[in-house]
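Working notes, structure below.
The values are calculated or read from the model by the stated rules, or taken from the named source; none is laboratory data. Just so it is clear, the structure is predicted and the values come from calculations on it, not from any experiment. Backbone-built Cβ (ideal geometry, glycine too); neighbour counts: all protein chains shown. The area values use the complete protein model at the heavy-atom level, side chains included, leaving out ligands, DNA and RNA. Shrake-Rupley method; radii C 1.70, N 1.55, O 1.52, S 1.80 Å.
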Amino acid sequence: MIESLSTRRVGIAVGALVAVLAGGTIAFHESLHESWMQSTYRTVVTISLAGLDTVPSNDSARLVSIVLVLAGLTIFAYIATVLVEGIARGVFTGAYAERRRRRTIEQLADHYIICGYGRVGRRIAAEFLEEGVRFVVLDFSEEAIEEARERNVLYVDGTGTEDDDLLAAGLERAAGLVASSDSDADNLYITLSARNARPDLLIVARASDEDAAKKLRLAGADRVVQPYSTAGKEMAKLVLRPQVAAFLDIVSTSGGPELLFEEIEVKEACREAGKSIRELRIREETGAMIIALRKGDGTFDTTPEPDAVLEVGDLMIAAGTPDELRRLEELFAPTEAVA
């Protein structure tokens, strides 16, 4: 918007300069009966404030010279104002800022792409910022782009339905993608494009109803969220089980105690792989609790027993304070191979 405004002002200045040049040439030609070339030369010299070639021989030509000098002063003052405003607003430094933003995106890895920076997308971005997660916004709306600029959020001006825009957002290096557009059709195209380019990518998509959710799953979305359905379920819980809802709200938001949830994978290089929860004394050693266990085949054990064995490929869902979860992660950190 700023760039278009400045371009329009420069166009006005150029148009005024051409009009004054043409008018001055005609006026000198008629008043002094000089050739067109000499009249043009006299006009250019007068407008540019470089001085007069010769003193005009009559009063009408002198009056034309005065008008041209004043017009030249006005035009050059206007151009100077446009240049100063452009520099102050960053119009002429915008190209540098654009290159810097693109370089930053090109250097990102294991980040997330938010396709659609509407109400849902902005809330996702806020959560990512709070968690310190790196991400890029992909949207074509002027309002969304301006919002991203104001919040100093990395963005790509485009649509997730175009492969080139996804690549510009770093799809090849991304850890996951969120299709949060208001349009189910757009989210479907985004999911198809991303899944085709990255079969291993984690994709979470938004759907307005169950029919759209089914299509998104078929297109390759790992998880599908229906905001309206979710909101209805949450409101029903608040009415039917208010204390349970209050507890979940406390432990899952920053307003309550420092109780967080984390997922930790048991990797092949982990020396604790193959041992049971009881053997490792996880609760005693770290303070964290393993509240669920997803086995390598995708099945979930929502109430793992102390004798449950933690095998390579298992994913632990743990709860605890930041320090407790950090100790648990250290316990299952891969060990470096001894040469």
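Computed values, structure above
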{"read-out": "Length gained when the stretch Asp323-Phe300 is fully extended (0.36 nm per residue, less Cα-Cα span)", "value": "5.7 nm"}
{"read-out": "Per-pair calculated FRET efficiency, R0 = 56 Å: Val45 and Arg123 via Cβ, rounded to 0.05", "value": "0.30"}
{"read-out": "Projected area, mean over directions - the chain, Cα convex hull, nm²", "value": "29.0 nm²"}
{"read-out": "Residues of type lysines that Lys215 reaches as a straight line, Cα spacing below 18 Å, ignoring anything fewer than 8 places off in the same chain", "value": "none"}
{"read-out": "The chain: most fluctuating residue of Asp184, Asp301, Asp164 per GNM, C-alpha cutoff 10 Å", "value": "Asp301"}
{"read-out": "Acute angle (nearest 10 degrees) that the helix 59-89 long axis makes with the longest principal axis of the chain, alpha-carbon atoms", "value": "10 degrees"}
{"read-out": "FRET E, pair Asp110, Ser183, Förster distance 22 Å, beta-carbon r, rounded to 0.05", "value": "0.20"}
{"read-out": "Asp59 accessible area, 1.4 Å probe, all protein chains in place, Å² to nearest 10", "value": "120 Å²"}
{"read-out": "Signed unit charges on C-beta, dipole axis of the chain, positive-most listed residue Ser65, Ala22, Ala197", "value": "Ser65"}
{"read-out": "Full-extension gain in nm, Ala246 to Leu260, via 0.36 nm per residue minus C-alpha separation", "value": "3.5 nm"}
{"read-out": "Orientation-averaged projected area, Cα convex hull of region 70-179 (nm²)", "value": "8.4 nm²"}
{"read-out": "Residue-span extension gain [Glu30 to Arg151] - 0.36 nm each, minus C-alpha spacing", "value": "37.5 nm"}
{"read-out": "Most mobile of Ala207, Ala175, Ala269 in a GNM of the chain (Cα contacts under 10 Å)", "value": "Ala269"}
{"read-out": "Projected label distance in nm at Thr74 and Arg173, using a 7 Å step from Cα toward the beta-carbon", "value": "5.4 nm"}
{"read-out": "Reachable aspartates and glutamates, given that their alpha-carbon falls under 15 Å from the alpha-carbon of Lys275 and they are not under 8 places away in the same chain", "value": "Glu265, Glu285, Glu305, Asp307, Glu311, Asp314"}
{"read-out": "Helical mean residue ellipticity (222 nm; -39500 (n - 2.57) per DSSP H run of 4+; nearest 500) of the chain", "value": "-17000 deg cm²/dmol"}
{"read-out": "For region 123-167 and region 281-331, distance of Cα centres in Å", "value": "34 Å"}
{"read-out": "Cut-off 14 Å, label 7 Å out along Cα→Cβ of Glu85, residues of region 116-160 by amide N", "value": "none"}
{"read-out": "26 Å Cα-Cα reach of Lys237 towards lysines, excluding residues that sit fewer than 8 places from it in its own chain", "value": "Lys214"}
